[in-house]
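Working notes, structure below.
The values are calculated or read from the model by the stated rules, or taken from the named source; none is laboratory data. Since this is a predicted model, take the numbers as computed values, not measurements. Cβ: placed from backbone, ideal geometry, glycine included. Neighbour counts: every protein chain shown.
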Amino acid sequence: MKNLLQRQWPLIALAFLLALVSFYLVRGGSRITRDVIENAIMSGEGLKLKDIHYTHDDPREGVKWILDAKEVKFSGDKKNILFTDFFLMVESETRASIKLRGKRGSYSRDSGEINLWEDLEGSSEDGYRLLTEYLMINEKDGHLSTDKPVKIYGPFFSVAGTGLFIDLRNEMFKVLSDVTTTITKEVLI
């Protein structure tokens, strides 16, 4: 045994040295990563995530929204969220769900506003579609609005115009100007 240790001690010492170096590298690497993340959050720069799925559920309001986005940036105080290439689904206990796709968006926890921009396509569970370039959703008041051109298609009619106001609580909508409405024959019969 003593003879074996004398011949193999360089290999044993090398294995011990490699284990020691590996331990410090792994421990130090996780510490460096943790320090970088903590510094980014503490400095107020916020957090940036890619390919996310985010759910916001408010049982008091009976509203749940689900956001899938290519990229999301949280502000340093985590009160504002910016997102790109998104799919947003808003579900309500009392109304049909709404699905929206677009290029850019933001959410403010303080104001309860969701702002959506560029190539917006929306659809509702009850068969209506919405096309516009900008939409603001006021979560607290239950309103959707825009001052941009808008088109709404439904099972019985289509409406095109400029500007839109939707009151989700009273289930009412208004197209504000330059309105063109088409009603299908089946509604009139």
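Overview of results
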read-out: Residues of the range 128-143 satisfying the condition of being out of contact with any Asp or Glu (no Cβ under 8 Å at 6 or more places or on another chain) and either modelled with pLDDT of 85 or more or β-branched (Val, Ile, Thr) (or both); value: TYR128, THR132, LEU135
read-out: Test: residue in the range 139-151 that is among the hydroxyl-bearing types (Ser, Thr, Tyr), under 15 Å from HIS56 (Cα atoms) and touching a Gly at 6+ places or on another chain (Cβ under 8 Å); value: no
read-out: Test set (1) surrounded by fewer than 18 Cβ atoms within 10 Å (Cβ to Cβ); (2) closer than 28 Å to TYR107 by Cα - THR181 fails condition number; value: (2)
read-out: Verdict on ALA19 being over 19 Å from LEU116 (Cβ atoms) and modelled with pLDDT of 50 or more; value: yes
